[in-house]
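Report on the structure given below.
The values are calculated or read from the model by the stated rules, or taken from the named source; none is laboratory data. All figures in this text were calculated on a predicted structure; none of them were measured in a lab. Please note: Cβ atoms are built from the backbone with ideal geometry, for glycine as well, and neighbour counts cover all protein chains shown. The area values use the complete protein model at the heavy-atom level, side chains included, leaving out ligands, DNA and RNA. Shrake-Rupley method; radii C 1.70, N 1.55, O 1.52, S 1.80 Å.
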Amino acid sequence: QSLPEELRHYDVLEESGEDGVRWLTASADVDDVGMPVILLDASGVPQEDLHWFVLYLSLLGQLDTSVHTHEELDTLLSRYLYGGELRQSLMDQYGTKAFHPYLRAAWISSGEDLEKGYELLYEVLFETDFSDIEELSSQIDRNLTGLKSLITYSAYNTMMYRELGAETPLYAYYSYCNGLDYYAFLNEASVMIKETPEAVVQKLEGMKNFFCNRENAVSFFAGA
């Protein structure tokens, strides 16, 4: 209790445009570098498609797009989406058991690379090509192997989140999307891509189309 508490107060400018977008702005003392974050609303993804959502996320940046090959993307991503992450994000509502799921994209960028970074993110999110069945099958099997290893060597964490999910909806959602249920799904997807590949492609394309909208999306930027 004797530790000092430092509270910083920032002047926040709030504006609303005719397009319905609300802007909150506060000054930051940094030099032409920042972190953009995009949150795309995932609350409308039905339970039967949650595993497809996670699989879709895991494939982004691992396959060709309509513009670049996977090999070209490796170089572009390391430059324009430095330290980037594309993942599921569960925002809890303080003091309650409620939460809101998002698709989260975040990276570090210099001012001169910012526009290119946004363009590359759009390309990866919405122009990834799922038509190469052989490569798609390889990626699914790779995810299956990686998750099996993770569960095997971190069984305690897997069961802990599963147990927490019995009491907390957020952890139930997380466990369902990342634990034993997802492992079972990947086993099914590994068979499905070999027997009915068009059905797998259709599901992944559906996820791509689902997130290509602005409804309830959040964009924020910390930097100059």
Leading residue by the ranking (farthest from Gln62 (Cα to Cα)) among those in the range 191-224 that are more than 20 Å from the chain's Cα centre (by Cα) and crowded, with 16+ Cβ neighbours inside 10 Å: Gly223
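Quick check, is Leu121 out of contact with any helix residue (DSSP H, G or I) (no Cβ under 6 Å at 6 or more places or on another chain) and within 25 Å of Gly206 (Cα to Cα)? Spell out how you get there, then give the answer.
Numbers: out of contact with any helix residue (DSSP H, G or I) (no Cβ under 6 Å at 6 or more places or on another chain): yes; within 25 Å of Gly206 (Cα to Cα): yes.
Against the criterion (out of contact with any helix residue (DSSP H, G or I) (no Cβ under 6 Å at 6 or more places or on another chain) and within 25 Å of Gly206 (Cα to Cα)), Leu121 qualifies.
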Residues located in the range 147-168, provided they are open to solvent by less than 60 Å² (accessible area, probe 1.4 Å) and closer than 19 Å to Leu186 by Cα: Leu147, Ser149, Ile151, Ser154, Ala155, Thr158
Output for the range 19-76, where each listed residue is open to solvent by 60 Å² or more (accessible area, probe 1.4 Å), closer than 14 Å to Tyr122 by Cα and hydrophobic (A, V, I, L, M, F, W, C): Val67
Residue count for the range 38-78, restricted to those that are under 25 Å from Ser175 (Cβ atoms) and among the β-branched types (Val, Ile, Thr): 2
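Check the range 204-217 and report whether any residue there is out of contact with any His (no Cβ under 9 Å at 6 or more places or on another chain), farther than 25 Å from Ile38 by Cα and without any contact (Cβ under 8 Å) to a residue 40 or more places away in the chain. Spell out how you get there, then give the answer.
First, pick out the residues of the range 204-217 that are out of contact with any His (no Cβ under 9 Å at 6 or more places or on another chain): 204-215, 217.
Those still in the list that are farther than 25 Å from Ile38 by Cα too: none.
There is no residue in the range 204-217 that is out of contact with any His (no Cβ under 9 Å at 6 or more places or on another chain), farther than 25 Å from Ile38 by Cα and without any contact (Cβ under 8 Å) to a residue 40 or more places away in the chain.
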Number of positions in the range 103-126 that are open to solvent by less than 60 Å² (accessible area, probe 1.4 Å) and either small (Gly, Ala, Ser) or within 17 Å of the chain's Cα centre (by Cα) (or both): 15
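Would a scan of the range 87-94 turn up a residue that is open to solvent by 100 Å² or more (accessible area, probe 1.4 Å) and touching an Asp or Glu at 6+ places or on another chain (Cβ under 9 Å)? Steps first, please.
Narrowing the range 87-94 to residues open to solvent by 100 Å² or more (accessible area, probe 1.4 Å): 92, 94.
Next, only the ones that are touching an Asp or Glu at 6+ places or on another chain (Cβ under 9 Å) stay: none.
Within the range 87-94, none of the residues are open to solvent by 100 Å² or more (accessible area, probe 1.4 Å) and touching an Asp or Glu at 6+ places or on another chain (Cβ under 9 Å).
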Residue pairs meeting the criteria (Cβ under 7 Å; at least 6 apart or on separate chains; first under 22 Å from Ala222 (Cβ atoms) and assigned to a loop (DSSP other than H, G, I, E, B), in the range 1-27; second at pLDDT below 80 and open to solvent by less than 90 Å² (accessible area, probe 1.4 Å)): Tyr10/Ala26; Asp11/Ala26; Val12/Ala26
Single residue of Asn209, Asn216 found to be on the phi > 0 side of the Ramachandran plot and either modelled with pLDDT of 95 or more or of a type outside the set (Lys, Arg) (or both): Asn216
Conditions (1) open to solvent by 50 Å² or more (accessible area, probe 1.4 Å); (2) out of contact with any helix residue (DSSP H, G or I) (no Cβ under 7 Å at 6 or more places or on another chain); (3) free of Cβ contacts under 8 Å to residues at least 12 places away in the same chain: number failed by Tyr171: (2)
Selection within the range 101-130 - under 23 Å from Val45 (Cβ atoms) and either at pLDDT below 95 or in contact with a Cys (Cβ under 6 Å, 6 or more places away or on another chain) (or both): Phe126
